[in-house]
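FYI, it's all coordinate maths here, none of it is from the lab. What you see is a predicted model; the values in this text were computed from it and never measured. In this analysis, Cβ positions are derived from the backbone assuming ideal geometry, glycine residues included, and neighbour counts consider all displayed protein chains.
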Amino acid sequence: MSDVIFTSSATAKNGREGHVKSDDGLIDLDLVNPATNKEDKGSNPEQLFAAAYSACYDGALNLVASNQKKDIDSETTAEVSFCKDPEDNGFKIAATLNINIKGVSQDEADKLAEDAHQACPYSKATRGNIEVTLNPKAV
């Protein structure tokens, strides 16, 4: 294993219709499967992954921009989809990153988005494992 900077921990009980809680209690959520339960309120693994991926990617984007001496203001929205997997009749996820970048041209936004995708730890972890679509937009 690489040199660990920090470790976060969360525990789930009863899967998609259960509960998840972080070790520090900041995350303490009931889980609801929106594919089978439209009535109850709760989060789901895809929503939690979307929150984490958008935060990590936007951080990588700002680091890459800073390293390239570009002054930007950005916002990243991750859409994480729960999909059928035709290869094994199971399930998989896919992600779309909608990236708004102020302070650069569209060509620069496209380049920054791709550079951030190469640098982001979540992008590295998902590369080759799930389909990730980048939608950068200069605003």
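Remarks
- Total charge dipole magnitude, the chain, about the Cα centre, Cβ charges on Lys, Arg, Asp, Glu only, Debye to nearest 20: 40
- If the chain linking Ala52 and Lys111 were pulled fully straight, counting 0.36 nm for each residue of separation and taking away their Cα-Cα distance, it would gain 19.0 nm.
- Residue-averaged [θ]222 nm for the chain, counting only DSSP H segments that reach four residues, each worth -39500 (n - 2.57): -10000 deg cm²/dmol
- Taking Cys120, Cys56 and counting other C-beta atoms within 10 Å, the order from fewest to most: Cys56, Cys120
- DSSP beta bridges in the chain [antiparallel fraction, %, rounded to 5]: 70
- Dipole of segment 65-139, positive end: most advanced residue of Val132, Ala119, Ala94 [Cβ charges, Cα centre]: Ala119
- Calculated FRET efficiency for the pair Asp24/Met1, C-beta based, R₀ 22 Å, to 0.05: 0.50
- Relative to the longest principal axis of the Cα atoms of the chain, the long axis of helix 45-67 lies at roughly 20 degrees.
- Assigned charges on the beta-carbon of Lys, Arg, Asp, Glu; segment 86-139 dipole about Cα centre (debye): 200
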